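The values are calculated or read from the model by the stated rules, or taken from the named source; none is laboratory data. These numbers were taken from a predicted model, which means no experiment stands behind them. Heads up, the Cβs are rebuilt from the backbone with ideal geometry, glycines too, and the neighbour counts pull from every protein chain shown.
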Amino acid sequence: MRFFTNSNIERAKIYLLSLAVSLFFFSCTSNSQKESLKINKGVLDLQEWDLLENGNVKLNGEWEFYWKTLITPEETTQNLSNPEFINVPSDWDKKEINGEKLSGDGYATYRAKVKLHKNDRYIGLYIDMPSTAFQLYVNGINYGSAGEIGTDKVSTTPLFKKHLAKIITEEDELDIVLQVANFHHLSGGLRTEVLIGEMETLENSIEMENTWVIMILGSIFIMALYHLGIFILRKKHLTPLFFSLFCLCISIRIGVITEPFLTYFSSISWLIGIKIEYAFFYLSLPAFAWFAHAVFKDEVNKKVVLGLTYIGGAVALVTALTSPKIFRLFLVQYQVLIVVSCIYFIYCIIQAIRNKRKGSITFLVGWGILFLTIFNDILYTNNVIETANLVSFGLFILIFSQAFILSARFANAFKENEVLTEKLGDTNKNLELKVEERTKTLQETNLSLGKKNKQITESIQYASKIQNAILTDTQFNNHDAVPEFFVFFKPRDIVSGDFYWIKQIGDSILFVAADCTGHGVPGAFMSILGIAYLNEIVSETKYKRPDIILNELRDKIKKSLNQTSKLGSNKDGMDIAICEIDLKNKKLKFAGAYNPLYLIRDKELLRLKADKMPIGVHKIEEPFTHKEMDLEKDDMIYIFSDGFQDQVGGEQGQKLMAKKFKEMLLDIHDDSVEEQKNHLEHSFKHWKGDHKQIDDVLILGLRINEMYSNTNLIPKAITNIDSE
């Protein structure tokens, strides 16, 4: 046919060929997951495979298979003789035992042993929704289930569930036992993949996959609403309506089997979920057929579209009214119909290119990608290939190809604007003179602003010197009585909204770490205000408990900031931790406003919780809570702001978070206070990397030495300030 010599046709063929090659290599890449890492006769050897360094592994291959048997954890310790073997993932009704093909209904036990690398102790095991009921045991321990396992339909309850088991083990081998039962679905067995990986790595992979799916589904759903809005505004054109319906069908079908949906809508029954999945899958074909007909009326035969509509509607109706054992029978035939329909639509689009329809080449590329992803998903769902579900990606490309077509139509309008642009040329020439004058004025203004900015910066730097002088003014008298302590203080800006305050009152020493609202100059003002009020509240001759100090400090801050109403707009204040070291009675006394206290004793971290209200106006204002405990020699105490934990960094650009912060303190608490301070400084710099510092950082740590009742020998304290 002569139209295949058309240059546009050739370009379209090149696009599709490139796409096919790309998807082929994707398939090869996905399928190249170390063919040697397969379960062989129920055993997978990962002794040379470090899960943390090398990544997750699919537990595909030959699992031990015990038909009509639910092996208990106790029985796994016995020698189970003559097991059958079955490939995972697959349907068990495709297997024969003693020459007899198994039924889709039934129950069985899957078993596999995984020999672990010596470094692998924190393991994640991920079961990707087998569409039935299962119970998981690892080394005889119950690690969760989906639905209820039974030996008949009455005692079995299926459930859509993606399950992540978190396993901490000191053993070098995992004995994985999966009890599976199916009496509701047409096919039974482990029909989806099981993944093993390092716990955090696998959890992050699942989270990234969920994020990607949500992003794709969100884009598809928004595009559906966008095209629906276009149709409402211009009802004369049906193309946006059909495209919107197609996007809705696909997004609902994909969304109902994603982990976020299953988590937030766990109350939806298994039967309703599977009916929604299949019904909207069947309806997506007629929705797309009407869309294609609306775009290319002369090329796509309306009778074909009506035929697909009747078939898809009828199968969807059967799905709504019957059980999965019935409507699941139509799946393979319907998938064949989809492939045939895709080929027909490609033929129609090629005809449109031959007829020089606008946007037909772009549409062919987008539809070709969608066709290949649909074909991939059909093969993947039937366990023919090991890739991934890609139809959402294909639809994503198709959506933007459709957007490109709309953009091309708008391009014609821009061409008309070019004529107007030429007419405006003369006007622009006159405006250039005015622009030059305005530019000169702006340059003069910028120069003036630069001088003022320099003056302001110098003032802030001077304020920083004043603030540092206030912070470092910590004087004591007794060298032996004062605990060893360090201060790691790293402001985000020249001046800081974090501050620390240390003072001796008789036989007690008060330590304070505070985080004021804001950064820079506003935060510095608040910090100076806080220090001033602390000095006013606490005198060397008048003892007050930490909780009483916080109560009075809150009253003074509210009064000075005119915070007279809990509903007011002024929410300034501070989060603060204050601890008292009672040298005479060997006691720790603590009160906190949001900021807790960590105490490490005998390699165990204890957390003294703070009250969940700030120093300032708040919807709940109650007296602060007093906490008290005995101190022991070598206790290590930390109070801090949230700047270290909230710092973004690392390879993923994530916050450090409290868990890693606690682990860091546990690792270094036996070191000297100076070594701890240096370690924290180095760790913060390494974690932050090239990211900006997002908050002021303050950590105050102190070690309890032998305590003395004589407190007349107090020396100067040791403080370290690290500021940029």
Condition set crowded, with 18+ Cβ neighbours inside 10 Å and among the charged types (D, E, K, R), scope region 628-667, selection farthest from Ala514 (Cα to Cα): answer is Asp635
Of the conditions (1) in contact with a Phe, Trp or Tyr (Cβ under 6 Å, 6 or more places away or on another chain); (2) among the basic types (Lys, Arg); (3) free of Cβ contacts under 8 Å to residues at least 12 places away in the same chain, the single one that Lys655 does not satisfy is (1)
Residue hits (region 598-611; modelled with pLDDT of 95 or more, surrounded by fewer than 20 Cβ atoms within 10 Å (Cβ to Cβ) and not in a strand (DSSP E or B)) are Lys609
The number of residues in region 544-574 that are charged (D, E, K, R) and modelled with pLDDT of 95 or more is 1
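Per-residue answers, yes or no, for (1) surrounded by 20 or more Cβ atoms within 10 Å (Cβ to Cβ); (2) not hydroxyl-bearing (Ser, Thr, Tyr):
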site	(1), (2)
Ser205	no, no
Val213	no, yes
Ile220	yes, yes
Trp270	yes, yes
Ile274	yes, yes
Phe281	yes, yes
His293	yes, yes
Asp515: passes all of (1) at pLDDT 90 or above; (2) over 23 Å from Gln693 (Cβ atoms); (3) surrounded by 15 or more Cβ atoms within 10 Å (Cβ to Cβ); (4) acidic (Asp, Glu) but (2)
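For (1) in the same structural domain as Ser641 (by TED's automatic domain parsing); (2) surrounded by fewer than 21 Cβ atoms within 10 Å (Cβ to Cβ); (3) in a strand (DSSP E or B); (4) touching a residue at least 60 places away in the same chain (Cβ under 8 Å), each residue gets a yes or a no:
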position: Pro522; (1), (2), (3), (4): yes, yes, no, no
position: Ser527; (1), (2), (3), (4): yes, no, no, yes
position: Tyr533; (1), (2), (3), (4): yes, yes, no, no
position: Ile557; (1), (2), (3), (4): yes, no, no, no
position: Thr564; (1), (2), (3), (4): yes, yes, no, no
position: Ile578; (1), (2), (3), (4): yes, no, yes, yes
Among the residues of region 70-114, the number that are over 22 Å from Glu173 (Cβ atoms) and either β-branched (Val, Ile, Thr) or loosely packed, with under 14 Cβ neighbours inside 10 Å (or both) is 7
The residue from Phe644, Phe684 that alone is closer than 20 Å to Ile578 by Cα and touching a residue at least 12 places away in the same chain (Cβ under 8 Å) is Phe644
**Message:** Is it the case, given these coordinates, that Gly307 is more than 33 Å from the chain's Cα centre (by Cα), outside any loop (DSSP other than H, G, I, E, B) and buried (at least 20 other Cβ atoms within 10 Å of the Cβ)?
**Reply:** no
Residue check for Gly140: over 30 Å from Leu271 (Cβ atoms) and under 24 Å from the mean Cα position of the chain (by Cα): no
Item to complete: Check region 342-351 and report whether any residue there is under 36 Å from the mean Cα position of the chain (by Cα) and crowded, with 16+ Cβ neighbours inside 10 Å.
Response: yes
request  = Determine whether region 306-325 contains at least one residue that is of a type in the set (A, V, I, L, M), within 18 Å of Ile254 (Cα to Cα) and either modelled with pLDDT under 85 or not assigned by TED's automatic domain parsing to the domain that holds Ile250 (or both).
outcome  = no
Filter region 491-511 for residues that are hydroxyl-bearing (Ser, Thr, Tyr) and part of a strand (DSSP E or B); the one that is surrounded by the most Cβ atoms within 10 Å (Cβ to Cβ) is Tyr500
Checked region 149-176 for anything more than 30 Å from the chain's Cα centre (by Cα) and part of a strand (DSSP E or B); matches are Thr157, Glu173, Asp175
